[in-house]
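This report concerns only the one structure given below.
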């Protein structure tokens, strides 16, 4: 009977680890998935050299990550001035006070990825010049980035 508490404690710890890993998997950033046609992994960078194709690829990544965080669909607002850049990563933002939990860490990781992708979209958009579609994608991506950053910094 003396070993029974140790066994109970061990089983309890195993259950906690198993349950928490399931939650973590649901919040992890979008990773490349196997290409169903060939079984090869999709690249982490746009599979095209076409600037509009690259913007769409990064935009699709943002959309998938937005859904993972549980953010509502972005509402396009008329913005008179587009921000110059995205907010800093959560770890570099002294005003950001995200909780220490694994779920908050995952939200902040996704937020940082969304903002990195927004910056890439806006850089390509700038290179394209007067492309209204690209500029709209940049504005939408920056808006999603700002909202994701707020969600990270208020996570508790």
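Values quoted throughout were computed directly from the atomic coordinates according to the rules given, and no laboratory measurement underlies them. Predicted model, so just to flag it, every value in this text is computed and none were measured.
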Point to revise | Cα extents of the stretch 93-139 along the three principal axes, largest first (Å) | key: 43, 19, 13
Practice item. Two decimals is fine: what is log10 I(q)/I(0) at q = 0.16, 0.19, 0.24 Å⁻¹ for the stretch 46-156, from a Debye sum with one equal scatterer on every Cα and no solvent? Key: -0.68, -0.92, -1.30
